[in-house]
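See structure below.
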Amino acid sequence: DQFNVAGDVRKYAYVDPSANPYLSLNYFVIDKFPGKPGSPTRNDVKVFRLSEMYFILAEAAVEEGDFTQAATYINNVRTARRYTGTPTTPVYTNKQTAYADILKERRIELAL
């Protein structure tokens, strides 16, 4: 359900659109790296992603106490993944909530 955010493209990038767990299936079909056409087992797997750098920078900003900058880094990732509307910019007031949100976003972005 973490991928089921309105307007977030990651839902369609990770889960096969033909799999609908609300109908007859009780599971999702993961289709994040389906392979190249004609070679289903060959993939260009990403070794390093820009979003991971944003998460690292956000964690560094939290450690420095700059919650506004940390929120900006997380919002950059969320904005890049939106195909409709604008994501709500997070507001962090302490390290615990900031780290929890960063970890949540990291789990969604770098899943599977």
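The values are calculated or read from the model by the stated rules, or taken from the named source; none is laboratory data. Bear in mind that the values here come from a model prediction, so they are computed numbers and not experimental data. Ideal geometry is used to build each Cβ from the backbone, glycine not excepted, and the neighbour counts take in all protein chains shown.
Numbers below:
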read-out: Exclusive hit being small (Gly, Ala, Ser), at pLDDT 95 or above and out of contact with any strand residue (DSSP E or B) (no Cβ under 7 Å at 6 or more places or on another chain), set Ala70, Ala80; value: Ala70
read-out: Subset of the range 40-67 [under 17 Å from Arg107 (Cβ atoms), at pLDDT 95 or above and among the small types (Gly, Ala, Ser)]; value: Ala58
